[in-house]
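S.K.: Here it is, the structure in full.
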Amino acid sequence: MNKPLISVVMAICNVERYLAESIESILGQTFHDFEFIIVDFGSTDKSKAIAASYAVKDERVKFHEIPPCALPVARNAGCFLAQGRYIAVMDADDISFQNRLALQVDYLAKYPEVALLGGATEWVDAKGRSLDIHHVPNTYAEIRAALATHCPFWHPTVIMRTEAFVSVGGYRAAFVCAHDYDLELRIAEQFECANLKQVVVKYRVHSHQLSMRRRREQSLCLLAAQSSAIARMNRNPDPLNSLQAITLESLASLGVTEAALERLNITECCQWIRNMRLAGEYSVALQAAMEILQSDWQYIEQWQVADLYVAVALIYWKQKKFLKSIGAVGRAIVIRPKVVGRPLRPLLQWLGLV
């Protein structure tokens, strides 16, 4: 039997709500020469049954069940089973455009020096309604510059050359969060990378994604990935290669402070709140914002507090709680008077005053 050109890999655990739609978006691709590896790593809902049913109907679907584990371990399990020249990542709550694989294969054939390729995304809410288009840096130079501070890829859009994935050792299990960022940093150090300008995936924004309570762990792993990359850039041994878990203590030896962790955590939480508000998840966003405002953060900036009260005001307004909305705006103005100019900024720009 001939090997497929692409191995699409999806790791699943308790994702029954969106799983069928996500699987069908791959099976409905205009490009057909692929295998679809689905790895379940501990589902207790109907996810296993849904995935197994597709394996019965379509021989391209290869369903595997492994013991409960962390997501990067499950992704590795699928990726190291790949028979294809390329590995395409897919998440169980997103939707690939029909021409995604065709566009990506054409690009990789045209640019053999590129080992990892992503693309733009259309953000949708839990019901699939379009929210926004998110573009990403396209060239290798832009991507390398962006990688120093954040991840310039949407991981569910990524396709990579299997040999590149294997050569860097795949995902690192210690990076329970941000394992995608860590992988992309390591691949970009050895190979060229790019992003398509075209939208290739509908990225679903919903409250069941990585919760705000896990943002500290996310921030910890983001800082670990960056610290690890700096060590490699300075031609030092990777300090995190032998770790089984990322902890603040392990990062402290690399100069990462509690202040740096808290500041990044606040930024990540605020971004998550904005995403939830964009997706119409108002009660979740409001609860998260109030949790931050009522917490004893040591390094939170005044402008961030003011921004959170503005976010709270917008949520209250959407919920038709107008008095509470006005009260939240008032608190934002007291904390940072400059915030009052924001609603007027579009008018001032139109008048040429800003």
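What follows is calculated from the coordinates using simple rules that are stated; it is not laboratory data. Note that the structure is a prediction, hence the values are computed from the model and not measured. Reconstructed Cβ throughout: ideal geometry from the backbone, glycine too, with neighbour counts over all protein chains shown.
S.K.: Apply 1/(1 + (r/R0)^6) to the Cβ-Cβ distance of ASP106 and GLU21, taking R0 = 30 Å, and write down the FRET efficiency to the nearest 0.05.
M.R.: Result of the calculation: an efficiency of 0.75.
S.K.: What's log10 of I(q)/I(0) for the range 189-245 at q = 0.14, 0.24, 0.26 Å⁻¹, Debye sum over Cα points only, no solvent?
M.R.: Once normalised to I(0) and log-transformed, intensities are -0.69, -0.98, -1.01.
S.K.: Can you pull out the cysteines in the chain that have no other Cys Cβ under 4.7 Å?
M.R.: CYS13, CYS69, CYS79, CYS151, CYS193, CYS269, CYS270 - these cysteines have no disulfide-compatible partner (Cβ-Cβ under 4.7 Å) in the chain.
S.K.: Compare SER47, SER253, SER219 in a GNM of the chain, Cα atoms joined below 10 Å, and give the one with the largest fluctuation.
M.R.: SER253
S.K.: Further, regarding this structure: Give, in whole angstrom and from largest to smallest, the semi-axes √(5λ) of the equivalent ellipsoid of the chain, with λ running over the eigenvalues of the Cα gyration tensor.
M.R.: Calculated on Cα positions only, the semi-axes equal 36, 25, 21 Å.
S.K.: Hey, which lysines would be in cross-link range of LYS57, C-alpha to C-alpha under 18 Å, not counting anything within fewer than 8 residues on its own chain?
M.R.: LYS46, LYS48
S.K.: Near the amide H of VAL61, under 5 Å away, which other amide H atoms are found, from residues 5 or more places off or on another chain, if H is placed in the peptide plane?
M.R.: Amide H neighbours of VAL61: PHE36.
S.K.: Oh, and also: Determine the calculated [θ] at 222 nm for the chain from helices alone, applying -39500 (n - 2.57) to every DSSP H run no shorter than 4 residues and normalising by the residue count; nearest 500 deg cm²/dmol.
M.R.: Helix-only estimate at 222 nm: -14000 deg cm²/dmol.
S.K.: Cα axis of helix 100-110 to longest principal axis of the chain: angle in degrees, 0 to 90, nearest 10?
M.R.: The two axes meet at around 70 degrees.
S.K.: On C-alpha positions alone, give me the angle between the axis of helix 282-293 and the longest principal axis of the chain, in degrees, nearest 10.
M.R.: Around 60 degrees separate the two axes.
S.K.: Let me ask you something else. In terms of modelled amide H atoms, which long-range or inter-chain residues lie less than 5 Å from the amide H of GLN198?
M.R.: Correct list: ALA120.
S.K.: Return the loop-located trypsin sites (Lys or Arg not before Pro) in the range 5-66 (DSSP other than H, G, I, E, B) with at most 15 other Cβ atoms within 10 Å of their own Cβ; answer none if there are none.
M.R.: Passing both the DSSP loop test and the Cβ count: LYS46.
S.K.: With the Cα gyration tensor of the range 6-204 in hand, give its eigenvalues times 5 under a square root as the equivalent ellipsoid semi-axes, listed largest first in whole angstrom.
M.R.: 24, 19, 17
S.K.: I've got another one for you. Can you tell me the 0 to 90 degree angle between the C-alpha axis of helix 47-57 and the longest principal axis of the chain, rounded to 10?
M.R.: Helix 47-57 sits roughly 40 degrees off the main axis of the chain.
S.K.: What pairs in LYS3/LYS62; LYS127/LYS318; LYS202/LYS318; LYS127/LYS202 have C-alpha atoms more than 21 Å from each other?
M.R.: LYS202/LYS318
S.K.: Give the separation of the Cα centroids, the range 120-148 to the range 152-167, in Å.
M.R.: After rounding, the separation between the Cα centres reads 15 Å.
S.K.: Nearest 5 percent is fine: what portion of the DSSP beta bridges confined to the chain is antiparallel?
M.R.: Taking every DSSP beta bridge with both residues in the chain, the antiparallel ones total about 30 percent.
S.K.: What number do you get for the range 74-129 when its Cα radius of gyration is normalised by 2.2 N^0.38 Å, N = residues?
M.R.: 1.32
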